[in-house]
Amino acid sequence: MLRLARLAASVPRLQARPTTNSRHSMAYSAKIGPSILSSDLSCLGSECVRMMECGADYLHLDVMDGHFVPNITFGHPMVECLRKTVGQDPFFDMHMMVSRPEQWVKPMAAAGASQYTFHLEATTNPGNLIKEIRESGMKVGLAIKPGTTVEELAPWANQVDMALVMTVEPGFGGQKFMEDMMPKVSWLRSQFPSLDIEVDGGVGPDTIHKCAEAGANMIVSGSAVIGSDDPRSVIALLRTAVAEAIQKRSLDR
């Protein structure tokens, strides 16, 4: 536990998003979140600790129900076990690829989830779901599939903490990065300057610069980080690329 206590002290927390009044400032920063589904699932707790020790800013946890996407992964009991293993500090970004996102808000909050990211395509009442997530004490993320236009997300962007632009079809790992999703990221960054914008799918050293230049600041990376012989160096490379793009954007304003 002493090692985890030291780890907790050294890992930066995700900062709360500024209020709408300060939305015109550039308050976002580079954050790298390994997708733990790419790790050895037989030792998931130790893999999460390893990723945080390698410099991850948060952990991205993919929940799939076999309905919204074909695959099945894990639910809130696993999240509760992971929280007990890694302690209270690591930020759990729950990517809820489920057909009834309303059903799992309270269980995930009780299990120790930090942010509940649901798919716009999976609900008929986003506003009510956003309110429910906030009331449960979690941050709110809103995701869109490649086939969903960014304009459909826009009405809710001021009500959420993060927008997730999928750069692959959700549900399977190891897919090729879809560069044609970058205009969505660019548009969101231009319209909502301080919003956290996440990209997920096929992101690694070969594609990070496209994501960073478009304006993404929260980077989900699976096999490129976890499958690397040196995850610490890959995480540092990804963060540097994003931080440099943020700095450049600030200077260009």
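Details
- Residue 32 falls short on exactly one of the conditions (1) in a loop (DSSP other than H, G, I, E, B); (2) in contact with a Lys or Arg (Cβ under 6 Å, 6 or more places away or on another chain), and that condition is (1).
- Candidate set from segment 32-47 (those that are under 15 Å from the mean Cα position of the chain (by Cα) and among the hydrophobic types (A, V, I, L, M, F, W, C)); member that is nearest to residue 233 (Cα to Cα): 32
- Cross-chain or 6+ apart pairs with Cβ under 6 Å, segment 71-94 first and under 11 Å from residue 112 (Cβ atoms), then among the aromatic types (Phe, Trp, Tyr): 91/58; 94/116
- Residue list for segment 180-202, restricted to those being in contact with a helix residue (DSSP H, G or I) (Cβ under 6 Å, 6 or more places away or on another chain) and farther than 17 Å from residue 140 by Cα: 182, 184, 185, 186, 187
- The set of residues from segment 51-84 being out of contact with any Gly (no Cβ under 7 Å at 6 or more places or on another chain), of a type outside the set (Gly, Ala, Ser) and part of a loop (DSSP other than H, G, I, E, B) comprises 54, 67, 68, 73, 74.
- Meets criteria (in contact with an Asp or Glu (Cβ under 7 Å, 6 or more places away or on another chain) and not basic (Lys, Arg)) for residue 175: yes
- Selection within segment 190-239: residues that are free of Cβ contacts under 8 Å to residues at least 24 places away in the same chain and in a helix (DSSP H, G or I). The member of this set that is most open to solvent (accessible area, probe 1.4 Å) is 233.
- Unmet requirement for residue 131, which otherwise passes all of (1) part of a loop (DSSP other than H, G, I, E, B); (2) over 14 Å from the mean Cα position of the chain (by Cα): (1)
- Residue within segment 85-99 that is open to solvent by 30 Å² or more (accessible area, probe 1.4 Å) and part of a loop (DSSP other than H, G, I, E, B) present: yes
- Restricting 55, 75 to those that are open to solvent by 20 Å² or more (accessible area, probe 1.4 Å), within 21 Å of residue 224 (Cβ to Cβ) and modelled with pLDDT of 95 or more reduces the list to 55.
- Residue match in segment 102-112 (condition: of a type in the set (S, T, N, Q) and either assigned to a loop (DSSP other than H, G, I, E, B) or within 17 Å of residue 198 (Cβ to Cβ) (or both)): no
So that you can scan it fast, the table gives a plain yes or no per residue for (1) farther than 20 Å from residue 221 by Cβ; (2) loosely packed, with under 13 Cβ neighbours inside 10 Å; (3) touching a residue at least 60 places away in the same chain (Cβ under 8 Å):
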residue: 164; (1), (2), (3): no, no, yes
residue: 168; (1), (2), (3): no, no, no
residue: 176; (1), (2), (3): no, yes, no
residue: 182; (1), (2), (3): no, no, no
residue: 185; (1), (2), (3): no, no, no
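- Across segment 240-252, the qualifying residues are those that are within 20 Å of residue 183 (Cβ to Cβ) and out of contact with any His (no Cβ under 6 Å at 6 or more places or on another chain), and the one among them that is surrounded by the fewest Cβ atoms within 10 Å (Cβ to Cβ) is 252.
- Test: residue 5 is part of a helix (DSSP H, G or I), at pLDDT below 95 and among the aliphatic types (A, V, I, L, M): yes
The values are calculated or read from the model by the stated rules, or taken from the named source; none is laboratory data. Treat the numbers as computed from the prediction; the structure is a model and nothing was measured. So basically every Cβ, Gly included, is an ideal-geometry build from the backbone, and we count neighbours across all protein chains shown. For the accessible areas, the whole protein counts, side chains as well, though only heavy atoms, and no ligand, DNA or RNA atoms are used. Shrake-Rupley method; radii C 1.70, N 1.55, O 1.52, S 1.80 Å.
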